[in-house]
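Student: Structure incoming, see below.
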Amino acid sequence: MNSKTKKWLVILLAICLVCTVCASLVQHGFGSVSVKAHNLTFTEMAAAIRENNSTYGKNVEVSFTENAFYNFHFTEYRPKTATDAAPAPAIVMCHGMNNVEASLVTVCIELSRRGFVVFNVEGAGHGKTDYGVNDLSHNTWGIEAAVEYAMSLGYVDTDAVAVTGHSRGGTMANATLAQVNANTSNHIRAYLSGSALKNLTNLSAEITEGVVFGLSDGFYEEGDSKKWLTAQLLTNKDGLGYSFIRCAYPEFDEDQIPEGVFFTADGALPTLDIASGESLTDVDTCRVLYNPRITHLMWAFCHLSMENTITFFYSAFGTPTGANYLAPSNQIWGWSALFTGIAMLSFFALLFPLASALLSTSLFSKLRRKEEGLALPAFNWKECILWILCVVIMAAYSYNAYPRDSLIAESYVSNVTLPYGPAANAAGNANALYNLDMGVFAMVMLLAVCAVRKVFYRKNVDTQSNPFVYAKLDSVTQFFTVALFAFVLVGLMYVPVFIAARLFNVGFQFNTIGVADFRLIRIPTMLKYIPFWGLFWFVHAVMNAGFRYRNVPDWLSTLGCAIGNVLGIAIFMAVQYHGLFTVGWLHNPSASSPTTFAWSILIPSIFGAVSSRFLYNKTHNTWVPALCNTVLMVTLTLSVLASYSPYWFI
């Protein structure tokens with residue numbers, strides 16, 4: 001390992017560590033909040049609830065089904081002001097589909113530093129929570145169990161427990177409210193729906209009786225914009241907003257719903273002075289509507305939306321005993337997001353010095369070989385036309401394939417398993433199907449390029465017209481050595497992620513884009529998806545090596561490959577959001593999930609082009625970048641989207 005490699009390795013690891021520590025300090029409220037991760041089975045949770053009932057004289061009912069097999073993960077944020085002598089209100093929350101608990105850390109930071117005990121649930125089938133807990137908790141992703149566990153704790157006020165969540169997590173919080181309040185002796189006091197309008201109309205008066213009920217949905221809401229006309233929530237008298245408020249106050253008929261005003265059966269309540277401790281603790285049932293000008297993914301990542309969330313829970317419960325009131329505008333979550341975002345970028349950058357270090361070892365140095373002697377072509381008008389045609393055709397196909405494959409996966413293969421074991425959830429299968437689809441099409445394009453180049457250079461046999469020469473393998477042993485290299489490289493990249501998550505409870509996350517910690521038992525499921533990603537990244541590596549020119553800088557041709565990777569999806573997103581911001585809903589409203597999920601694809605796809613060129617230049621063997629990118633992308637995706645069962649034998 002040379003000194004330059006050592007230097008960058010030390011720098012990047014130091015950045016990961018410093019950012020982890022700094023993010024941890026923010027998440028711990030600089031010492032005012034303790035953060036504890038829980039990995040429990042439902043049998044263990046039920047036993048803990050019964051023990052707490054006995055210890056604290058409570059009578060919290062256990063309504064979920066006990067099971068000693070499936071793992072349930074959640075993180076608890078406990079302010080030091082919450083004690084057995086001064087129990088505090090508790091808020092149980094859950095992230096949205098295709099994400100993990102780290103996406104809601106921003107909300108946890110702001111609520112816990114204000115004295116609320118917060119439980120951040122990792123929903124069933126995501127991250128470290130097994131999908132099996134969903135069926136065991138009445139299809140609430142496990143939130144039901146977290147609520148009852150929270151109610152049983154001595155430092156939690158059993159009568160002041162709330163649920164909230166973003167997107168699908170908000171829908172599952174809705175299901176939890178219905179299950180707990182209608183079918184158990186327990187009672188949830190408050191519910192804030194975060195960008196989750198689905199099933200709101202199914203909540204009966206019996207379920208919401210005695211509940212402080214808030215609806216917070218963005219003006220530019222990708223998922224609900226056309227069905228529920230979210231841009232008209234405050235003004236459409238025949239829409240969901242008016243229907244929501246009239247459930248509390250049937251006589252309401254003003255021209256516009258006042259945002260942030262609570263309504264009871266007697267009408268609008270005066271504005272609460274939350275700074276002086278006024279709250280709704282003596283109010284039986286009420287409702288409030290927030291409609292900030294934000295998109296779906298900004299609900300937990302926007303100053304205004306965060307103000308609404310803080311104001312809602314201050315209004316519902318007041319300032320917790322012993323805690324100091326902090327104005328809703330006083331927010332520090334951005335610092336944590338900054339640190340974890342930098343750590344995430346450093347994670348990707350680690351590939352370069354780690355790969356260089358591994359290739360200097362005796363085991364992997366044999367992967368380096370001399371480049372084939374055929375000359376690179378010059379970038380001329382022929383190559384320019386060929387490159388433009390490739391990019392345009394690939395982008396056009398990707399533009400249509402991405403939403404189509406996502407909808408196919410959601411409609412037909414969302415819950416199925418592969419013939420040889422369990423599979424990922426709908427989003428995981430959608431991503432796999434899209435990569436396989438693009439891999440097949442890219443192979444066709446590559447063969448077409450080879451044919452055209454043979455015509456171009458038929459009089460110059462020394463010019464490279466067959467990029468498959470870069471994929472030559474010397475032996476079967478070499479292939480397995482390359483595979484080992486890929487797994488070791490990605491494994492080493494994840495070491496800082498594991499350390500940050502397991503020692504500091506920090507995730508490398510920026511909004512909904514991140515690198516998730518995962519249970520190693522999920523690796524068999526990840527391995528089964530390698531063929532889905534493998535074809536695309538093999539063809540990509542071959543094309544990346546083949547689209548080099550002797551008169552074009554390496555960085556420029558690499559940029560061209562990166563553009564080719566993301567242009568189709570980028571155009572799809574631009575068209576979708578143009579419709580959202582001009583008409584009021586997405587250009588293709590049925591493709592709302594692919595639209596929001598696309599953000600998490602862009603960075604890895606761009607990075608894949610850069611890492612592919614770097615690894616090829618190091619080894620002159622396209623199998624190295626192909627397998628390394630395949631293993632990395634599968635791990636990035638399925639560590640978040642998990643599997644319907646993580647166990648090979650189920």
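Student: Using Cα pairs closer than 8 Å and at least 6 residues apart in sequence, work out the relative contact order for the chain, in percent.
Tutor: 17 percent
Student: Okay, next question. Mean projection of the alpha-carbon convex hull of segment 329-376 over all orientations, in nm²?
Tutor: If you wrap the Cα atoms of segment 329-376 in a convex hull and average its projections, you get 6.1 nm².
Student: Over all alpha-carbon pairs in segment 574-644, figure out the percentage whose distance exceeds 21 Å.
Tutor: Looking at segment 574-644, the distances longer than 21 Å represent 47 percent of pairs.
Student: Which whole-percent values make up P(r) of segment 239-385 when all C-alpha to C-alpha distances are grouped in 10 Å steps starting at zero?
Tutor: 9, 21, 21, 13, 10, 9, 11, 7, 0
Student: Next question, about the same structure. Give the accessible area for residue 266 in Å² (nearest 10); use a 1.4 Å probe, count only protein heavy atoms, and leave out ligands, DNA and RNA.
Tutor: My reading of the accessible area for residue 266 is about 140 Å².
Student: Can you compute the charge dipole magnitude of segment 474-575 about its Cα centre, using +1 on each Lys and Arg Cβ and -1 on each Asp and Glu Cβ, nothing else charged? Give it in debye, rounded to the nearest 20.
Tutor: 160 debye
Student: Based only on Cα atoms, what Rg/Rh ratio does segment 110-200 have, Rh being taken as Kirkwood's radius?
Tutor: My calculation of the ratio gives 0.94.
Student: On to the next question. Report D for segment 211-261 in µm² per second (integer): Stokes-Einstein, Kirkwood Rh on Cα pairs, 37 °C, 0.692 mPa s.
Tutor: This corresponds to a translational diffusion coefficient of 290 µm²/s.
Student: A follow-up question, please. Which lysines does residue 6 reach when only Cα atoms under 25 Å apart count, and residues fewer than 8 places away in its own chain are ignored?
Tutor: Cross-link targets: 366, 370, 618.
Student: Right, another one. On the protein heavy atoms, probe 1.4 angstrom, tell me the percent of accessible surface of the chain carried by carbon and sulfur.
Tutor: 61 percent
Student: State the Kirkwood hydrodynamic radius of segment 504-646 in Å, one decimal place, computed from all pairs of distinct Cα atoms.
Tutor: Value: 16.9 Å, from the Cα pair sum.
Student: May I pose another question? Using helices alone, what [θ] at 222 nm do you get for the chain, with -39,500 (n - 2.57) per DSSP H run of 4 or more residues, divided over all residues and rounded to the nearest 500?
Tutor: -16000 deg cm²/dmol
Student: Next up: Projecting each Cα onto the charge dipole of segment 53-130 (Lys/Arg +1, Asp/Glu -1 at the beta carbon, about the Cα centre), which of 81, 118, 60 comes out farthest on the positive side?
Tutor: Among 81, 118, 60, the one farthest towards the positive end of the dipole of segment 53-130 is 81.
Student: I would also like to ask the following. Please get the size of the charge dipole for the chain, origin at its Cα centre, with Cβ charges of +1 on Lys and Arg and -1 on Asp and Glu, quoted in debye to the nearest 20.
Tutor: Charge dipole, the chain, about its Cα centre: 3900 debye, nearest 20.
Student: To continue, here is another question. What list of ³J(HN,Hα) couplings, whole Hz, do you get for segment 97-109 from phi and the Karplus terms 6.51, -1.76, 1.60, once you set θ to phi - 60° and write x for glycine and proline?
Tutor: 4, 6, 8, 9, 4, 4, 6, 10, 4, 4, 5, 4, 4
Student: Right, something else. In the neighborhood of residue 481, defined by Cβ-to-Cβ distances under 15 Å, what is the net charge if each Lys or Arg adds +1 and each Asp or Glu adds -1?
Tutor: Overall, the nearby charge balance is +4.
Student: Also, quick follow-up: Eigenvalues of the Cα gyration tensor times 5, then square-rooted: what semi-axes does that give for segment 219-298, in whole angstrom, largest first?
Tutor: Semi-axes (√(5λ), whole Å): 24, 16, 10.
Student: Using the charge dipole of the chain (Lys, Arg: +1 at Cβ; Asp, Glu: -1 at Cβ; taken about the Cα centre), state which of 529, 326, 23 has its Cα farthest towards the positive end.
Tutor: Farthest towards the positive pole: 529.
Student: Same structure again: Consider just the alpha-carbon atoms of segment 477-555 and return their Rg together with their Dmax, both in angstrom.
Tutor: 16.8, 50
Student: I need the shape label for segment 1-89. Rule: rounded when a/c is under 1.5, else prolate if a/b > b/c, else oblate, with a, b, c from the alpha carbon gyration tensor.
Tutor: In terms of gyration-tensor shape, oblate.
Student: Take the alpha carbon gyration tensor of segment 74-225, find the square roots of its eigenvalues, order them as a ≥ b ≥ c, and report rounded if a/c is under 1.5; if not, report prolate when a/b exceeds b/c, else oblate.
Tutor: Rounded is the answer for segment 74-225, as its axis ratio a/c remains below 1.5.
Student: Okay, moving on. Classify segment 342-402 from the C-alpha gyration tensor, please: rounded if a/c falls under 1.5, else prolate or oblate depending on whether a/b exceeds b/c.
Tutor: Taking the square roots of the gyration eigenvalues as a ≥ b ≥ c, segment 342-402 is oblate.
Student: From the C-alpha coordinates alone, can you work out the Kirkwood hydrodynamic radius of segment 271-324, in Å?
Tutor: Result for segment 271-324 stands at 12.4 Å.
Student: Given N residues in segment 156-234, what is its alpha carbon radius of gyration divided by 2.2 N^0.38 Å?
Tutor: 1.12
Student: Explain nothing, just the number: relative contact order of segment 209-299, from Cα pairs under 8 Å at least 6 residues apart, as a whole percent.
Tutor: With pairs under 8 Å counted, the relative contact order is 44 percent.
Student: So which lysines pass the test for residue 528, namely a Cα distance under 22 Å, with those fewer than 8 places away in the same chain ruled out?
Tutor: 128
Student: Could you tell me how many cubic angstrom of Cα convex hull volume the chain has per residue?
Tutor: Roughly 152 Å³ of hull volume per residue.
Student: Please determine, in degrees from 0 to 90 and to the nearest 10, the orientation of helix 168-183 with respect to the longest principal axis defined by the Cα atoms of the chain, where the helix direction is its Cα long axis.
Tutor: With rounding to tens, the tilt is 30 degrees.
Student: Normalised by the number of residues in segment 1-68, what is the relative contact order in percent for Cα pairs under 8 Å and 6+ residues apart?
Tutor: In percent, rounded to a whole number, it is 24.
Student: Say the dipole of segment 341-411 comes from +1 at the beta carbon of Lys and Arg and -1 at that of Asp and Glu; which of 386, 364, 350 then lies farthest toward its positive end?
Tutor: Positive-end residue among those listed: 364.
Student: Further question: Send over a whole-number figure in Å² for the accessible area per residue of the chain, probe 1.4 Å.
Tutor: It amounts to 38 Å² per residue over the chain.
Student: Using only the Cα atoms of segment 48-118, each taken as one equal point scatterer with no solvent, compute I(q) by the Debye sum, divide by I(0), and report log10 of the ratio at q = 0.13, 0.21, 0.23, 0.29 Å⁻¹.
Tutor: Relative scattering, expressed as log10 I(q)/I(0), comes to -0.52, -1.10, -1.15, -1.23.
The values are calculated or read from the model by the stated rules, or taken from the named source; none is laboratory data. None of the values given here were measured: they were computed from a predicted structure. Backbone-built Cβ (ideal geometry, glycine too); neighbour counts: all protein chains shown. Accessible surface is based on the protein model in full, side chains and every heavy atom, while ligands, DNA and RNA are left aside. Shrake-Rupley method; radii C 1.70, N 1.55, O 1.52, S 1.80 Å.
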